[in-house]
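Structure first, commentary second.
The values are calculated or read from the model by the stated rules, or taken from the named source; none is laboratory data. None of these values were measured; they are calculated from a predicted model. Cβ placement follows ideal geometry from the backbone for every residue including glycine, while neighbour counts extend to all protein chains displayed.
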Amino acid sequence: PLTSLSGNPLRETTPLNDPEIAAQEARVRIKKRTLGMDDLETISAMDRLAMEYYDLQRFDEAETLLREVIESRKRVQSEYNAETLTSMHQLELTLYCKARYTECEELGVKLIEAKKLVLGEDHQHTIASMYNLGLTYLTVGKLSEAEGMYKTVVEKGIRLYGPDSKDAIMAASRLALVYNRQGRLTEAADWGGDVVERRRRLYGDKDTETRDTMEDLMVTYIKLGRQKEADELENILSQPL
């Protein structure tokens, strides 16, 4: 699935507790002293520790360590190595969580260009970076840029994975939000209606994200004066869960 900047796409494990973090920090110190900063074993240990910091929302420590990891990977594995790009992606997420949007945007642009060269324009990781950059644009109010990015992601998602793929639906939902913020309510309703239809069919009316998109569409209908359609959605949302 696409990688959202609002979460960590690289791990699905439980964060370590404080003693475990302390042990991990000790391992990193030992490897730095015995193997050196540019040994791949040291780099991997630093990378794992940075991920733990991120999971614990210790973003300052995560950023510091990730920058060390990236510089070491560039020296040892090259700037365009897949693992280097993964570490850069994690730094992008960290910067977003710290509301450092200008740096996040700059890194996002650089990542997309690098992934196009290394992986190709249609690779899922490249598309995920496009989605992430669209979210950054949306967050800082660069709505035209966000629109262009999400249109690209929707087109690629539909072409590569089909219109019912989660990736295509997520990007279409973001595009509807962009149109809403631009005041282009008819287009927002069209895209939002399509997303709601697909999500209801695939995930049902009780799914949390489906209900969120239905509420957004209901508000759009109200703004457009399409009260009958808004009432229909309100009735569906009012049913017992």
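Looking at the structure I just gave you, is residue 206 over 24 Å from residue 128 (Cα atoms), loosely packed, with under 14 Cβ neighbours inside 10 Å and touching a residue at least 24 places away in the same chain (Cβ under 8 Å)?
Here the answer is yes, as residue 206 does meet what is asked.
Among the residues of region 172-203, write down those that are free of Cβ contacts under 8 Å to residues at least 12 places away in the same chain and in contact with a Phe, Trp or Tyr (Cβ under 6 Å, 6 or more places away or on another chain).
Matches in region 172-203: 187 only.
Kindly check whether there is at least one residue in region 146-160 that is among the small types (Gly, Ala, Ser), in contact with an Asp or Glu (Cβ under 6 Å, 6 or more places away or on another chain) and in a helix (DSSP H, G or I). Give the steps one after another, and end with the answer.
If we filter region 146-160 for residues that are among the small types (Gly, Ala, Ser), which is where we start, we get 146, 148, 157.
Applying the additional criterion that residues be in contact with an Asp or Glu (Cβ under 6 Å, 6 or more places away or on another chain) yields 157.
Narrowing the set further to residues that are in a helix (DSSP H, G or I) leaves 157.
Yes, some residue in region 146-160 is among the small types (Gly, Ala, Ser), in contact with an Asp or Glu (Cβ under 6 Å, 6 or more places away or on another chain) and in a helix (DSSP H, G or I).
Among the residues that make up region 133-146, is at least one of them in contact with a Phe, Trp or Tyr (Cβ under 6 Å, 6 or more places away or on another chain), among the acidic types (Asp, Glu) and modelled with pLDDT of 95 or more?
yes
Go through the residues of region 146-156 one by one and say whether even a single one is in contact (Cβ under 8 Å) with a residue 40 or more places away in the chain and out of contact with any strand residue (DSSP E or B) (no Cβ under 6 Å at 6 or more places or on another chain). If you could, list the steps in order and put the result at the bottom.
We begin by selecting, within region 146-156, every residue in contact (Cβ under 8 Å) with a residue 40 or more places away in the chain; these are 153.
Those left that are additionally out of contact with any strand residue (DSSP E or B) (no Cβ under 6 Å at 6 or more places or on another chain): 153.
Yes: one or more hits.
Identify, from the list 73, 100, the residue that is closer than 21 Å to residue 24 by Cα, free of Cβ contacts under 8 Å to residues at least 60 places away in the same chain and not aliphatic (A, V, I, L, M).
73
Among the helices (runs of 4 or more DSSP H) lying completely within region 78-141, list those that include at least 3 residues that are over 21 Å from residue 43 (Cα atoms) and over 11 Å from the mean Cα position of the chain (by Cα).
On the way: elements: 82-97, 101-118, 124-140.
Ranges flagged: 101-118, 124-140.
Name the residues in region 158-197 that are of a type in the set (D, E, K, R) and within 21 Å of the chain's Cα centre (by Cα), would you?
If the condition is that a residue be of a type in the set (D, E, K, R) and within 21 Å of the chain's Cα centre (by Cα), then 159, 164, 166, 167, 174, 181 are the ones that fit.
For residue 45, are the conditions met, namely being farther than 22 Å from residue 103 by Cβ, buried (at least 17 other Cβ atoms within 10 Å of the Cβ), in contact with a helix residue (DSSP H, G or I) (Cβ under 8 Å, 6 or more places away or on another chain) and small (Gly, Ala, Ser)? So that I can check it myself, show each step before the final result.
Details: farther than 22 Å from residue 103 by Cβ: yes; buried (at least 17 other Cβ atoms within 10 Å of the Cβ): yes; in contact with a helix residue (DSSP H, G or I) (Cβ under 8 Å, 6 or more places away or on another chain): yes; small (Gly, Ala, Ser): yes.
Taking the combined requirement at face value, the residue satisfies it.
So which of 169, 158 ends up being more than 25 Å from residue 238 (Cα to Cα), buried (at least 17 other Cβ atoms within 10 Å of the Cβ) and assigned by TED's automatic domain parsing to the domain that holds residue 238? First the steps, then the outcome.
On the way: 169 fails: more than 25 Å from residue 238 (Cα to Cα).
Of 169, 158, the one residue that is more than 25 Å from residue 238 (Cα to Cα), buried (at least 17 other Cβ atoms within 10 Å of the Cβ) and assigned by TED's automatic domain parsing to the domain that holds residue 238 is 158.
For region 27-42, how many residues are among the hydrophobic types (A, V, I, L, M, F, W, C), surrounded by 15 or more Cβ atoms within 10 Å (Cβ to Cβ) and under 11 Å from residue 72 (Cβ atoms)?
Qualifying residue count for the region: 1.
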